[in-house]
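Colleague: Structure provided below as structure tokens; questions to follow.
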Amino acid sequence: MAICTVHTTPSLSMPRHSHQNQHLIFFSTTRRNQFYRAQHRTFTVSCSADKTIVIGLAADSGCGKSTFMRRLTSVFGGAAEPPKGGNPDSNTLISDTTTVICLDDYHSLDRTGRKEHGVTALDPRANDFDLMYEQVKALKEGKPVDKPIYNHVTGLLDPPEVIQPPKILVIEGLHPMFDERVRDLLDFSIYLDISNEVKFAWKIQRDMAERGHSLESIKASIEARKPDFDAFIDPQKKYADAVIEVLPTQLIPDDNEGKVLRVKLIQKEGVKYFSPVYLFDEGSTISWIPCGRKLTCSYPGIKFAYGPDTYFSNEVSVLEMDGQFDRLDELIYVESHLSNLSSKFYGEVTQQMLKHSDFPGSNNGTGLFQTMVGLKIRDLYEQIVAKRAAAPAEAAKV
């Protein structure tokens, strides 16, 4: 489907009082500009593809953005892979429907430059927000861009790569909602809010196991980043349409291990194309322990909660899970009591969780709520596409 502007220009043989007119028409085509002649008029048809839908995901380093992206792209089908034949250290992931851009690529200073200037990657001065805005805007309008690459291995800024406009663009990183211009381009936004205790445990696991960092260097990095995180990253959550908040469990008194998590899905009310998921009865306050004949629960068990609340002066619905699943196949019991999931069929949430049972968080609320948000984003995309497809019929009535 293309949206086209038709300019009608009178020919030399037409009366002089004729004027140029402009109309909108909608039809399927792969051509950008077409010309038609009919008796006394010349028609110039300029076409542009549907706008790319842009999703923003904000979180600090080591907070599960990569896992969330894998769950999200899986919902749309097709494997998300780096650009073929491009830089092997590219941060971009491309699937049939989605393109995921890491906003680290818009660092204006490389690793050495940040050290010389005494700033962290979280500091806005170390990032090029003008270029970020220009390129996200261009992609949203259906134009390709030469996006820079920040090499996490070398810490250098590599030559750019060409990014074609996808159906869905996901921009993930530290600052997707920091700059108002970029924020206004987002069709939906998510913030991953990880408590300090949980964040520390996750960062140790990732940076020690996957990147070979020492425990001392990880602790020093966290302490050095905290002031900038509090100043520039954390405030973005007030703009998010959905927040996944990860906290220590309340099921184990004085728990210090951090293996069992309490996770909240905070869903803003009144967001276009988005209806919050609810438990049992929409708008009620619910506390539910599902353990029993239909759900196996070892110590310390599982507890769900749901209810209305306010979050940064916004009306929200909050769904909470504390504990972890012993058997993912039994998740279907919990799924059957949730409404507004935007699933295509009964059991789709459970199917997605089983499909990625090896992903971090698949046995607790982080994986469950990430999967649910992925389904909501798919539904949002389909609603927007359906509305655009219906536009020709509406225009024809005018």
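The values are calculated or read from the model by the stated rules, or taken from the named source; none is laboratory data. These numbers were taken from a predicted model, which means no experiment stands behind them. Neighbour counts run over all protein chains shown; Cβ positions are idealised from the backbone, glycine included. What goes into the accessible areas is simple: the full protein's heavy atoms, side chains included, and nothing from ligands, DNA or RNA. Shrake-Rupley method; radii C 1.70, N 1.55, O 1.52, S 1.80 Å.
Colleague: Output the residues belonging to the stretch 357-383 that are among the polar types (S, T, N, Q) and either open to solvent by less than 40 Å² (accessible area, probe 1.4 Å) or closer than 22 Å to residue 56 by Cβ (or both).
Modeller: Correct list: 362, 364, 366, 370, 371, 383.
Colleague: Go through 307, 347, 292, 323 for me and flag whichever is at pLDDT below 95 and either touching a Pro at 6+ places or on another chain (Cβ under 7 Å) or of a type in the set (Gly, Ala, Ser) (or both).
Modeller: The unique qualifying residue is 292.
Colleague: Could we say that residue 67 is assigned to a helix (DSSP H, G or I), closer than 30 Å to residue 366 by Cβ, out of contact with any Gly (no Cβ under 8 Å at 6 or more places or on another chain) and at pLDDT below 90 here?
Modeller: no
Colleague: Name every residue in the stretch 262-290 that is open to solvent by 50 Å² or more (accessible area, probe 1.4 Å) and without any contact (Cβ under 8 Å) to a residue 24 or more places away in the chain, in order of residue number.
Modeller: Result: 272, 281, 285, 287, 289.
Colleague: Just the residues that are open to solvent by 20 Å² or more (accessible area, probe 1.4 Å), under 19 Å from residue 299 (Cβ atoms) and out of contact with any Leu (no Cβ under 6 Å at 6 or more places or on another chain), please, taken from the stretch 321-356.
Modeller: Correct list: 324, 326, 327.
Colleague: Can you name the number of the only condition in (1) over 17 Å from residue 359 (Cβ atoms); (2) touching a Pro at 6+ places or on another chain (Cβ under 9 Å) that residue 101 fails?
Modeller: Checking residue 101 against (1) over 17 Å from residue 359 (Cβ atoms); (2) touching a Pro at 6+ places or on another chain (Cβ under 9 Å), the one that fails is (2).
Colleague: Right, here's the next one. With a cut-off of at least 1 residues that are in contact (Cβ under 8 Å) with a residue 60 or more places away in the chain and more than 30 Å from residue 221 (Cα to Cα), name the strands (runs of 3 or more DSSP E) lying wholly within the stretch 140-209.
Modeller: 157-163, 168-173, 188-194
Colleague: If residue 105 satisfies all but one of (1) crowded, with 20+ Cβ neighbours inside 10 Å; (2) of a type outside the set (A, V, I, L, M); (3) farther than 30 Å from residue 222 by Cα, what's the number of the condition it fails?
Modeller: (3)
Colleague: Another one. Can you pull out every residue in the stretch 219-261 that is at pLDDT 90 or above, within 17 Å of residue 302 (Cα to Cα) and out of contact with any strand residue (DSSP E or B) (no Cβ under 8 Å at 6 or more places or on another chain)?
Modeller: If the condition is that a residue be at pLDDT 90 or above, within 17 Å of residue 302 (Cα to Cα) and out of contact with any strand residue (DSSP E or B) (no Cβ under 8 Å at 6 or more places or on another chain), then 252 is the only one that fits.
Colleague: Now, a different point. Based on this model, can you work out whether residue 119 counts as part of a strand (DSSP E or B) and β-branched (Val, Ile, Thr)?
Modeller: No.
Colleague: Could I ask something else about it? From (1) in contact with a helix residue (DSSP H, G or I) (Cβ under 6 Å, 6 or more places away or on another chain); (2) crowded, with 20+ Cβ neighbours inside 10 Å, pick out the condition that doesn't hold for residue 179.
Modeller: Result: residue 179 fails condition (2) only.
Colleague: To continue, here is another question. Which of the residues spanning the stretch 163-184 are closer than 26 Å to residue 120 by Cα and under 11 Å from the mean Cα position of the chain (by Cα)?
Modeller: Those that are closer than 26 Å to residue 120 by Cα and under 11 Å from the mean Cα position of the chain (by Cα): 170, 171, 172, 173, 176.
Here is a yes/no grid of residues against (1) open to solvent by 10 Å² or more (accessible area, probe 1.4 Å); (2) under 17 Å from residue 258 (Cα atoms); (3) not charged (D, E, K, R):
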residue: 160; (1), (2), (3): yes, no, yes
residue: 166; (1), (2), (3): yes, no, yes
residue: 169; (1), (2), (3): no, no, yes
residue: 188; (1), (2), (3): no, no, yes
residue: 199; (1), (2), (3): yes, yes, no
residue: 202; (1), (2), (3): yes, yes, yes
residue: 207; (1), (2), (3): no, no, no
